[in-house]
1. Filter the range 6-39 down to residues that are over 21 Å from R84 (Cα atoms) and aromatic (F, W, Y) and give me whichever is most open to solvent (accessible area, probe 1.4 Å).
2. Going through D63, D27 one at a time, which residue ends up being in contact with an Asp or Glu (Cβ under 9 Å, 6 or more places away or on another chain) and at pLDDT 90 or above?
3. Could you tell me which of the residues I33, I14, I7 is free of Cβ contacts under 8 Å to residues at least 24 places away in the same chain and touching a helix residue (DSSP H, G or I) at 6+ places or on another chain (Cβ under 7 Å)?
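The values are calculated or read from the model by the stated rules, or taken from the named source; none is laboratory data. Note that the coordinates shown come from a computational prediction; the quantities given were computed from them, not determined experimentally. Glycine gets a Cβ as well: all are built from the backbone with ideal geometry, and neighbour counts include every protein chain shown. For accessibility, only protein heavy atoms count, side chains too; no ligands or nucleic acids. Shrake-Rupley method; radii C 1.70, N 1.55, O 1.52, S 1.80 Å.
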Amino acid sequence: MFVLKTIPMTTAAIRQKLYEYIRFADDKKVKAIYTVVADEANESTEWSEDKKLLEKVKSTDADMESGKDKGISWPEAKKQLLQRGKK
């Protein structure tokens, strides 16, 4: 008996497949997919309304002001972001 093992897809790969599918799907299918995620998709995505995010920003800002968090330079941040993009 032949058993095919499936390799789990990464979230990034799943997102890409969904993106490609939705780009070319007919209107009926796009509307059906939207009904599945509509409640969540319609939630506020304004960062200024996200209390947890605002608390994290305030905390990080305070740490930077006090010297507790030294942060990183722009060249180092750029280097890290470019490395992430290559993965």
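1. Selected residue: F24.
2. Every option except D63 fails the conditions.
3. I33
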